[in-house]
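Data first, discussion second: the structure below is written as structure tokens.
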Amino acid sequence: MWEDWLQHAHEKREEKYLQRSLTVTDNAVKPVVRRNGKRLINFSSNNYLGLADHPDIKKKMIAAVDQGAGATSSRLIIGHGSEIEQLEQEVAHFHGKEAALVIANGYMANLGVLSTLLSPQDAVFSDQYNHASIVDGIRLSGAKSFRYRHLNMDHLEKMLKRAQAKGYQKKLIITDTVFSMDGDWAPLNDLIMLKRKYDAALVVDEAHGVGVWGMQGQGLAHHLGTIQEIDLLLGTFSKAFGVYGAYVAGSKLWIDYLVNQMRSLIYTTGLPPTVIAGIRAALKQVQAGTILRSKLHSHYQYFHAQLRRIGFHTGLSQTQIIPIYIGENQQALQLSHQLFERGILAVPIRPPTVPVGEARLRFSLMASHEQDHLTYTLDVLEELWKKK
Ligand code: PMP
């Protein structure tokens, strides 16, 4: 019975060009990776500043192994090392917030935060393209979910009005700041206006914004001068920081509530000392990373401009995440294979990660890319575009 069911699901995926597999990739932290010995220019990692391969960060992680291999228990049971306490103060200071809380990873952070803050008597407003972990956190909370059309503030306001008339207890708006599959920005100023008007909280997921935006890499909310109006900011240490883990930052009152109630903090083991040491070292590099940031910014501006010149549709992207919209899964797979043959790794993004009919190739640029990596890739893309 189970075998038939699994086999049927497998065949269905194959039919729709949705079958995925886990693949060995060597040197994933580098701008050029290897698969089965084949060299591939890497456009598929979130290591935006190249810090996952930073010698000082790696050295600090090695040194921290003397403190032990693991954290041994939940932080609320065994307590925590002084390093994590220092890290939380540093992160709070980094964002100009009173307090911060380190959480195992971004997925658990969104799941935990949303299911802790919201209950079935509440209403939550979420951009249609928010990350899957936000969608899952909302489901787990049981709150009434209002999913507004991507970036559409009129649609959001209509929903806020409707919810107000129905008298939900609390209202919370949540958005990615930089959208992970489209590379566009949330309209934070407009969201703040609506949050004030309808007495809602505003929570932002800066997973793809921290490290990249802001004078010291504090994220898009800082860059746009909106941080004071954000009630809770969620960030990850796994992307521009190049390490692992996540955090939320906000007022003491918000963070204290999460410490006491959040199941994805209470019922799971703390991060190992090596990871905490790596994150602290990465935070220093992020803050001092002005040159890396300007290299990344000029890389994606160039890449964007050239893709548009060739004729590719890249939507509203204005960041290091650049989609080439294709449409059908099969065509996205085909272009990805053609690029692979020419030594370029850009994976197709297909449903359910993106809506049906909106398959795309997603290029993630990194400060560690060399200009040659970009020009070669653009030459190949132009050649394939002309043959189409
Ligand atoms: N939020 C967003 C917007 C993300 O893109 C991701 C990761 N892809 C996460 C949260 C989850 O973060 P992590 O990888 O640390 O679990």
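Tabulated results
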item: Glu382-Thr353 pseudo-label distance in nm [points 7 Å out on the Cα-to-Cβ vector]; result: 2.8 nm
item: Per residue accessible area in Å² of the chain, where ligands, DNA and RNA are left out and the probe is 1.4 Å; result: 47 Å²
item: Simple spin-label estimate for Ala63 and Ile266 in nanometres, 7 Å along Cα-Cβ; result: 3.7 nm
item: DSSP bridge pairs, the chain: antiparallel proportion in percent, nearest 5; result: 55 percent
item: Prolate/oblate/rounded label for the stretch 188-238 (Cα gyration tensor, a/c 1.5); result: prolate
item: Inter-centroid distance (Cα atoms) of the stretch 300-349 relative to the stretch 2-35, Å; result: 20 Å
item: GluC sites (Glu not before Pro) lying in DSSP loop within the stretch 21-107, provided at most 16 other Cβ fall within 10 Å; result: Glu98
item: Candidates Ala71, Ala281, Ala109, ranked by Gaussian network fluctuation over the chain, Cα under 10 Å, top entry; result: Ala71
item: Accessible surface of the chain, 1.4 Å probe, proportion on carbon and sulfur as whole %; result: 53 percent
item: Accessible surface, 1.4 Å probe, highest first, among residues Thr23, Thr274; result: Thr23, Thr274
item: Cα shape, the stretch 1-141, gyration tensor, a/c 1.5 rule; result: oblate
item: Relative contact order computed over the chain (Cα-Cα under 8 Å; 6+ residues apart), in percent; result: 23 percent
item: Residue order for Ile78, Ile322 - accessible surface, 1.4 angstrom probe, largest first; result: Ile78, Ile322
item: Sites Gln338 and Asn27 - FRET efficiency at Förster radius 25 Å, r taken between beta-carbons, to 0.05; result: 0.65
item: Cα→Cβ-extended label distance, 7 Å offset, between Gln216 and Leu6, nm; result: 5.1 nm
item: Those GluC sites (Glu not before Pro) in the stretch 341-388 that DSSP places in a loop and that have at most 14 other beta carbons within 10 Å; result: Glu370
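The values are calculated or read from the model by the stated rules, or taken from the named source; none is laboratory data. Everything numeric here is computed off the predicted structure, so don't read it as measured data. Glycine also receives a Cβ, built like all others from the backbone with ideal geometry; neighbour counts cover every protein chain displayed. Keep in mind that these areas ignore ligands, DNA and RNA; they rest on the heavy atoms of the full protein, side chains included. Shrake-Rupley method; radii C 1.70, N 1.55, O 1.52, S 1.80 Å.
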